[in-house]
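What follows is a single structure, written as structure tokens, with notes after it.
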Amino acid sequence: MSENAPIIKKRIGFLAATALGLSAFAITCVVSCTVVVVYVMHVCSDKTDGLFCLAERTVRALPDWQKSLPPALGDMLKDVRRPDYAGQLQVTTRVAAAETPGDAMRIAIEVENRGPSMVTLLSLRVTVVDGQGRVLYESNEWAASPFAADRQWRGPLMPGAHRRFNAGCGHWQTGVSVEGLKAEVEITDIRLWNESEAVASVEEPAA
């Protein structure tokens, strides 16, 4: 005569149930992410050739697109990078004290175009250092831009022009003495109006 062993049912505790749920959620996320990555890689591999063809067609269409622009906008694109023109530019800067107590000090910048070309873009990196050479402030300023507008869009710099402006330092070092501080400037980019290309584009319809 055999006796049946009693069946004992154990309830899963809260911590165990939570661990099982988190494990299942993590496995589901891993599987889902794997499927998404594989699908994206498959789509990208199919579309790579199409993207390259689109980029090639866009580059080839740029000259026609520039010709279709109004003259005022098309001339802005007729410039060329000329770092060698830096010798024709006289750039000076200084730290100016606040006019009234409590106001922020200013960084005054002066740019003079001594060359024969029009500067369509002039980028400057302005820094302020103390007597020990530590940089206290730095910013990027646009001394010239393709067109004139508000804020830093100061417009092209004509030959022989002398431009003065203040760097946008905000409320930096309010109420601090300017003694021992020195402002330094570095020319980071220069673009000149390409007059030969502009003249060629004007004479082309007549030819």
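Throughout, read-outs are computed from the coordinates displayed, never taken from laboratory work. Everything numeric in this text was worked out from a predicted model, so none of it was measured. With ideal geometry, Cβ positions are generated from the backbone for all residues, glycine too; neighbour counts draw on all protein chains shown.
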message = Testing the spin-label approximation: label points 7 Å from Cα along Cα→Cβ at Val38 and Ala97. State their distance in nm.
response = 7.4
ask   = In what sequence do Asp150, Asp79 fall when counting other Cβ within 10 Å, fewest first?
value = Asp150, Asp79
query = Arg81 versus Phe165, label points 7 Å from Cα toward the beta carbon: distance in nm?
reply = 2.1
note = Ordered by fewest other Cβ atoms within 10 Å, a rough proxy for footprinting exposure, Met105, Met158, Met118 read Met158, Met118, Met105
